[in-house]
Amino acid sequence: PAPLDQLRALLDRWLPPVIDLAEPAAPPPVSAGGPSDGPLDIGVLKRLIGADDATVRDFLRFFLRSEVPLFEALAQACAHGELQAAGSIVHRLRSSAHTVGAARLGARFTAMEHYCRSTPADTPPSAVSQALQSQLAACRPEFDAVCEAMRQAIGAAPTSSRQDGARQPSTAAQN
């Protein structure tokens, strides 16, 4: 695959310029953030897909629509000690986290994926469940922080997760 800057240079060279006669009002730019700023470095995503704020917001919305339910599916797999299912789900979550710039969350998912891959298949489900639930409990606050940072970046209302995994408005937003 070609990096975006090389692709853009080739397109600029061979395609005629696009003239936009009706420029709509632009939404505020998505904050690039950084590793020291919090759980999400949107600059990582911008380097992958480009700096168009509308596209970045679309990716963040897609993450929230797809990965939040996937995280809850991971919670179910962990509760039932389903090692293979948990490994498959956490692999996708890890990749998604790194893609959007959630490095700390990606690192937690990497550790969890390593456990899933290195644990013998004949390990009792109760032991697997206990270990996976412990790791999931360590991931949840970071996952929630990443989702909250995304909601703030796209201008959505804040939420927090309940202990049972359901989503609800945060108490900070209600006060």
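The values are calculated or read from the model by the stated rules, or taken from the named source; none is laboratory data. A quick note: this is a predicted structure, and the numbers were derived from the prediction, not measured. We place every Cβ from the backbone using ideal geometry, glycine too, and count neighbours over all the protein chains shown. Note: areas computed on protein heavy atoms with side chains; ligands, DNA, RNA excluded. Shrake-Rupley method; radii C 1.70, N 1.55, O 1.52, S 1.80 Å.
Considering segment 37-66 alone, what residues qualify as being touching a strand residue (DSSP E or B) at 6+ places or on another chain (Cβ under 8 Å) and among the small types (Gly, Ala, Ser)? Matches in segment 37-66: 43 only. Under the condition of being more than 17 Å from the chain's Cα centre (by Cα), closer than 30 Å to residue 122 by Cβ and free of Cβ contacts under 8 Å to residues at least 24 places away in the same chain, the residues counted in segment 36-93 number 2.
Where helices (runs of 4 or more DSSP H) fall entirely within segment 3-92, those with at least 3 residues that are modelled with pLDDT of 95 or more, farther than 22 Å from residue 133 by Cβ and out of contact with any Pro (no Cβ under 7 Å at 6 or more places or on another chain) are at 53-79. Quickly run through segment 109-136 and pick out the residues that are farther than 17 Å from residue 94 by Cβ and either open to solvent by 50 Å² or more (accessible area, probe 1.4 Å) or touching a Leu at 6+ places or on another chain (Cβ under 6 Å) (or both). Once the filter is applied, which keeps residues that are farther than 17 Å from residue 94 by Cβ and either open to solvent by 50 Å² or more (accessible area, probe 1.4 Å) or touching a Leu at 6+ places or on another chain (Cβ under 6 Å) (or both), segment 109-136 yields 120, 121, 122, 124, 125, 126, 128, 130, 133, 134.
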